[in-house]
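Visitor: Sharing a structure with you now.
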Amino acid sequence: MTSKPPPRPAAKSYDGEGIVVGFDAHRCLHAAECVRGLPTVFDVDRRPWVQPDNAPADEVAEVIHRCPSGALQYHRTDGMPDEVPDVPTHVSLHADGVLHIRGDLEVATPYGPRHETRVMLCGCGATANTPYCDHSGSCAGHG
């Protein structure tokens, strides 16, 4: 009998006016779309590093949508819709073996299925964060 893995720690949550930003550090591959896109909200040299009230909720949501790994997600609390998945679903295999997927997804994980809109999945199988890429395998040199 195989044992079930321990539960994953929840993503860190940052509450703002009209939007709640979630961040899962285990999935962040440092594409830096957030810090380049909205440095007043996302600043790794500041604590907390995410301050959603430093920009309108619409701008925060737009920048989060650029995050390719899905490490950043959001929930609107101002009556506006949460992230709408890309249609049609888009899948691309990058040279480093990482699958970049955007769409209305259900991803099978060791902790059960997860609904996702943006993911980077490991293509080499050498990840400590199955099925998400963590650049610990053959793709490590391509971060």
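The values are calculated or read from the model by the stated rules, or taken from the named source; none is laboratory data. Everything quoted here is computed from the prediction, not taken from an experiment. With ideal geometry, Cβ positions are generated from the backbone for all residues, glycine too; neighbour counts draw on all protein chains shown. With ligands, DNA and RNA removed, areas are computed over all heavy atoms of the protein, side chains included. Shrake-Rupley method; radii C 1.70, N 1.55, O 1.52, S 1.80 Å.
Visitor: Within segment 78-109, work out how many residues are surrounded by 14 or more Cβ atoms within 10 Å (Cβ to Cβ), closer than 21 Å to residue 63 by Cβ and in contact (Cβ under 8 Å) with a residue 40 or more places away in the chain.
Guide: Residues meeting the conditions: 0.
Every residue, every condition in (1) modelled with pLDDT under 95; (2) among the β-branched types (Val, Ile, Thr); (3) over 30 Å from residue 110 (Cα atoms), yes or no:
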{"residue": "9", "(1), (2), (3)": "yes, no, no"}
{"residue": "26", "(1), (2), (3)": "yes, no, no"}
{"residue": "30", "(1), (2), (3)": "yes, no, no"}
{"residue": "35", "(1), (2), (3)": "no, yes, yes"}
{"residue": "55", "(1), (2), (3)": "no, no, yes"}
{"residue": "79", "(1), (2), (3)": "no, no, yes"}
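Visitor: To continue, here is another question. Can you name the condition, by its number, that residue 71 falls short on among (1) at pLDDT 95 or above; (2) open to solvent by less than 80 Å² (accessible area, probe 1.4 Å); (3) over 16 Å from residue 31 (Cα atoms)?
Guide: It is condition (3) that residue 71 fails.
Visitor: Give me the strands (runs of 3 or more DSSP E) completely within segment 67-129, filtered to those with at least 3 residues that are of a type in the set (A, V, I, L, M), ordered by residue number.
Guide: Working: elements: 72-76, 90-93, 99-109, 112-121.
Those strands (runs of 3 or more DSSP E) span 99-109, 112-121.
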